[in-house]
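Beneath this line is the structure, given in structure tokens, with notes to follow.
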């Protein structure tokens, strides 16, 4: 049927974005000497590590995302692939 598309899974989008970001960062690291623009980084985004000490259990939460141009390109390619599926 024309115009019908199956519902897309948000889990698939998350997996594609993670893989796209990792592959983009890897390519940026490998090709960074040839094209230094690929390794140009952006301001890291995230939360500083926070530790909760409950005497019996210690829990640490934290998340930092570090982007560069190559990882941003990887994210865009992952989105392109997601919407073409």
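Please identify, among 20, 46, 32, the residue showing maximal mean-square fluctuation in a Gaussian network model of the chain using a 10 angstrom Cα cutoff. Between 20, 46, 32, it is 46 that shows the largest mean-square fluctuation. Ranked for footprinting exposure by Cβ neighbours inside 10 Å, fewest first, 56, 19 give 56, 19. Over the Cα atoms of the chain, the radius of gyration divided by the Kirkwood radius equals 1.17; this is the Rg/Rh ratio.
As a rough footprinting exposure proxy, the listed residues 67, 83 were ranked by other beta carbons within 10 Å of their own, and the order from fewest upward is 83, 67. Pairs of Cα atoms nearer than 8 Å and 6+ residues apart set the relative contact order; for the chain it is 39 percent. Just to verify a number: FRET efficiency for residue 81 and residue 33, C-beta to C-beta distance, R0 = 35 Å, to 0.05? Once rounded, the FRET efficiency stands at 0.80.
Every number here is computed from the coordinates shown, using simple stated rules; none is lab data. Every value quoted in this text rests on a predicted model; they were computed, and no experiment measured them. Glycine also receives a Cβ, built like all others from the backbone with ideal geometry; neighbour counts cover every protein chain displayed.
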